Amino acid sequence: MFAHAEGECITWAEAAAAVGGADPAALGERVRRNVKRLAAEQKIARSSSAPVTY
């Protein structure tokens, strides 16, 4: 997310390699899926009137 925030245009695998991941492609894909899931959860929480607890 820091690369995105800084305006860099790199792939998830490149970001994983930058932090020293053993398998950058797998780590990048796992992070991408988690970010997508968390964004969907936040979207649901914002549209719901019930408070979300973690």
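For the range 27-34, in order, what is each residue's ³J(HN,Hα) by Karplus, 6.51 cos²θ - 1.76 cosθ + 1.60 with θ = phi - 60°, in whole Hz (x at glycine and Pro)?
5, x, 5, 5, 5, 4, 5, 5
Can you tell me the order of 14-25, 33-44 when each peptide is scored by its average per-residue count of other Cβ atoms within 10 angstrom, highest first? Write out the running numbers ahead of the final one.
Working: 14-25: 14.2, 33-44: 10.6.
For the peptides 14-25, 33-44, the packing ranking is 14-25, 33-44.
No lab work stands behind these numbers, since they all come straight from the coordinates. As the structure is a computational prediction, the values presented were derived from the model and not from experiment. When we count neighbours, we look across all protein chains shown, and the Cβ atoms used for this are built from the backbone with ideal geometry, even at glycine.
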